[in-house]
Amino acid sequence: MAKIGVQAMMLKKKIEEDGAFATLKKVSELGFNAVEISQIPMTPENVAEINRARTELGMEIASLSATLDSKPGGANDSLVTDFDKVVADCKTLGATIVRIGMLPFDAMASLDAVLEFCRTADETAVRLAEHGIGLYYHNHHIEFTKYDGRYLLDLIRENAPHLRFEIDVHWVQRGGLHPQSVLKEYAGLVDLVHLKDYRIGKMPPAAFEALGKGDYPAFMAAFTGVVQFGEVGEGNLDWKGVIDQAIESGAKYLLIEQDDQYGRDPFDCLATSHENLVALGYSHLF
């Protein structure tokens, strides 16, 4: 059965302040028992505390995150320079999935660059499979640009056949496609799904102050910036349709993520998502 969990990226400041175990204990108290680790430094201390949450709280580690390049300064370990460490962390934490959070920036430059990424990703997926670990790719909206009439995401699927997918339904919507349709198209390949709503916020008063001053660029920046990352159930997505299709497509983990909480405490945001999902009838997935 699929399980609803949390993407820990939205809790990275909490982990910095209070530590991984205390943060995941609060996640557990909110009713979540699975977590995806991303943008959390995988120091020995953090790995030990995450493992403590696993053993003492029963927290499942749905997946770990890594990059597919060796550029310094990344928030996640690199599968180029830290391959053995990533594998070791997976073994310690009982994780069988590593996910790539996005296409490397320089791979967005051209189709040839994308195909080079696919070659490297596929080779890495084969290496990880030797250790019982699957490699997954997480989409944003950029994957719905077209090359010769074909979506970039489909080209990645075709040219990296050993790669599996984490479908982020907010970014699918932002990319102009229907989340349920993409989940159905990728059935059998999508074990991870990101749940975050697509919300249209209100225009802030400052935008109209700018308009009154004739500052049209500032007004238009606010106009185009009303698309927000919402708590599940607080935006415009059809969550019954999304979740039911995700489960039908084979999803094992449905992970709540909210890239920006707009000043709210992330725990409060998670509580709202939890309450809304329970109200929709999904209490059995926690």
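Only the coordinates and a few stated rules stand behind these numbers; no lab work does. Fair warning: this is a prediction, and the values are worked out from it, not measured in the lab. All Cβ positions, even for glycine, are placed from backbone atoms using ideal geometry, and neighbour counts span all protein chains on display.
The alpha-carbon atoms of the range 113-270, seen along their principal axes, cover 61, 35, 26 angstrom, with the largest extent given first.
Please find the FRET efficiency linking Arg119 to Ala88, where r is the Cβ-Cβ separation and R0 is fixed at 22 Å, and quote it to the nearest 0.05. Numbers along the way, then the final one.
Values: r = 25 Å, r/R0 = 1.16.
Efficiency, rounded to the nearest 0.05: 0.30.
Please report the net charge: other residues with Cβ closer than 15 Å to the Cβ of Ala2, K and R +1, D and E -1. Residues near Ala2 contribute -3 overall. With Cα atoms as the point set, the radius of gyration and Dmax of the range 46-146 evaluate to 14.6, 47 Å.
Its Cα gyration tensor gives the chain an equivalent ellipsoid, and the semi-axes of that ellipsoid, as √(5λ) in whole Å with the largest first, are 29, 25, 20. For the pair Ala206 and Arg264, a Förster radius of 30 Å applied to the C-beta separation gives a FRET efficiency near 0.95, rounded to the nearest 0.05. Full extension of the chain between Tyr147 and His178 yields a length gain of 9.2 nm, computed as 0.36 nm times the residue separation minus the alpha carbon distance. A straight line joining the Cα centroids of the range 62-134 and the range 252-286 runs 27 Å.
Of the GluC sites (Glu not before Pro) in the range 144-247, which ones lie in a loop per DSSP and count no more than 14 other C-beta atoms within 10 Å? Could you put the intermediate results ahead of the total?
Values: sites: Glu158, Glu166, Glu185, Glu209, Glu231, Glu234; in loops: Glu231, Glu234.
Filter output for the range 144-247: empty list.
Among the chymotrypsin sites (Phe, Trp or Tyr not before Pro) in the range 172-266, those located in a DSSP loop and surrounded by at most 11 other Cβ atoms within 10 Å of their own Cβ are Tyr262. For the range 72-132, the list of GluC sites (Glu not before Pro) that fall in a loop by DSSP and count at most 10 other C-beta atoms within 10 angstrom reads Glu130. Counting other Cβ atoms within 10 Å as a rough exposure proxy, the listed residues His140, His274, His170 run His140, His274, His170 from fewest neighbours to most.
For Glu166, the residues whose amide H sits under 5 Å from its own are Tyr137, His138, Asn139, ignoring neighbours fewer than 5 places away on the same chain, with H placed 1.01 Å from N. Largest GNM mean-square fluctuation among Asp112, Asp265, Asp238, using the chain with Cα springs under 10 Å: Asp112. Mean-square fluctuation check for the chain, GNM, Cα pairs under 10 Å: which of Gly230, Gly263, Gly94 is largest? Top of the fluctuation ranking is Gly263. The H on the amide N of Leu195, modeled in the peptide plane, is under 5 Å from the matching H of Leu255, Ile256, Glu257, each at least 5 residues off or on a different chain.
The GNM of the chain, with springs linking C-alpha atoms under 10 angstrom apart, assigns the highest mean-square fluctuation among Leu211, Leu135, Leu115 to Leu211.
Where Lys and Arg each count +1 and Asp and Glu each count -1, what net charge lies around Pro41 among other residues with Cβ under 13 Å from its Cβ? Kindly include the intermediate steps, with their values, before the conclusion.
Details: positive: Lys12, Lys13, Lys85; negative: Glu16, Glu45, Glu49, Asp77, Asp82, Asp89.
Here the count lands on -3.
Debye sum, Cα scatterers, the range 96-143, no solvent: what log₁₀ I/I(0) at q = 0.17, 0.30 1/Å? With one equal scatterer per Cα and no solvent, log10 I(q)/I(0) is -0.51, -1.13.
May I ask for the net charge around Val226, where only other residues with Cβ less than 12 Å from the Cβ of Val226 are counted and Lys, Arg are +1 while Asp, Glu are -1? Write down the numbers at each step before the final one.
Details: positive: Arg199, Lys202; negative: none.
Value of the local net charge: +2.
Taking every alpha-carbon pair under 8 Å whose residues sit at least 6 apart, the chain reaches a relative contact order of 19 percent.
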